[in-house]
Amino acid sequence: MSQRADTVSSDRIRRPYVMGGVVMLIVLYTLDQVSKHMVVSHMTEGQVIPVVDGVLWWRFIRNPGAAFSMGESITWIFTIVMAVVACVVVFYLPRARSRAWILGLFGLLAGVLGNLTDRLFREPGFGRGHVVDFISVPHFAIFNVADSCITVSIVVLAILMLRGVPLDGRTSEPAQPAAEDRS
């Protein structure tokens with residue numbers, strides 16, 4: 001098969017996964033932003049609402065730092081890092097041919113864009129905004145939908161890398177046995 005035919009076939013196979021990834025991106029980003037809007041609109045900062053007593057609470061905080069509130073004084077650095085990560089993901093998405101890579105990258109992009117939106121447009125100001133976190137479980141950081149997307153996607157992408165699944169999804173084909181000489 002020619003390289004052009006191989007590319008056309010690959011693009012035809014890839015298209016439904018990309019469309020699914022775009023839908024996933026929109027749904028996850030919207031879920032993140034709507035849930036944060038609901039928390040900010042209906043809860044006061046510091047308020048705790050039990051969801052499943054002893055297991056899950058809504059606990060509204062504004063996080064200027066990263067996970068576990070680390071780096072609270074360098075919020076602007078997290079904004080730059082998230083913008084760079086979003087650009088890197090957008091750079092690699094067109095190269096991805098594997099369904100798992102495509103969905104993992106779109107999930108990562110949804111999470112990064114969700115938290116980047118907070119950093120850019122929430123108080124105290126552009127590029128220094130605090131991320132709205134509200135999902136609380138015992139003995140763990142308080143997080144949000146975007147954080148969950150980032151974590152799950154990073155785990156998926158790490159497994160793909162550890163298993164040696166290339167971004168283009170190609171598997172190495174076994175070597176063909178040499179034709180025996182019949183002379």
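Once the Cβ-Cβ distance of Val22 and Met43 is raised to the sixth power relative to R0 = 30 Å, the FRET efficiency obtained is 0.45. Backbone geometry of the stretch 138-149 corresponds, through the Karplus equation with coefficients 6.51, -1.76 and 1.60 at θ = phi - 60°, to 3J(HN,Hα) couplings of x, 6, 8, 5, 7, 9, 9, 4, 4, 4, 5, 4 Hz, x marking Gly and Pro. With the cut-off at 1.5 for a/c, could you classify the stretch 101-140 from its C-alpha gyration tensor as rounded, prolate or oblate? Oblate, since a/c reaches 1.5 and b/c is not below a/b.
Each residue of the stretch 111-126 is assigned a 3J(HN,Hα), and the resulting list reads x, 4, 5, x, 6, 5, 4, 4, 4, 7, 10, 9, 5, x, x, 4 Hz, derived from the Karplus form 6.51 cos²θ - 1.76 cosθ + 1.60 (θ = phi - 60°), x at Gly and Pro. Per-residue packing, averaged as other Cβ atoms within 10 Å, sorts the ranges 127-138, 21-32 into the order 127-138, 21-32, beginning with the highest. Seen through its C-alpha gyration tensor, with square-root eigenvalues sorted a ≥ b ≥ c, the stretch 10-162 comes out prolate because a/c lies at 1.5 or above while a/b is bigger than b/c. What the phi angles of the stretch 47-54 give under the Karplus curve with 6.51, -1.76 and 1.60, with θ = phi - 60°, is a coupling list of 5, 10, 10, x, 9, 10, 3, x Hz, glycine and proline written as x. With the simple spin-label model, which puts each label point 7 Å out from Cα in the Cβ direction, the Phe121 to Asp11 separation comes to 3.3 nm. For chymotrypsin sites (Phe, Trp or Tyr not before Pro), the sites in the stretch 80-129 that DSSP calls loop and that have at most 16 other Cβ atoms within 10 Å are Phe126. Taking amide hydrogens as placed 1.01 Å from N in the peptide plane, the amide H of Val132 sits under 5 Å from those of Asn63, each at least 5 positions away in sequence or on another chain.
Laboratory data are not the source of any read-out in this text; all were calculated from the coordinates shown. What you are looking at is a predicted structure, and each value in this text was computed from that prediction instead of being measured. Cβ: placed from backbone, ideal geometry, glycine included. Neighbour counts: every protein chain shown.
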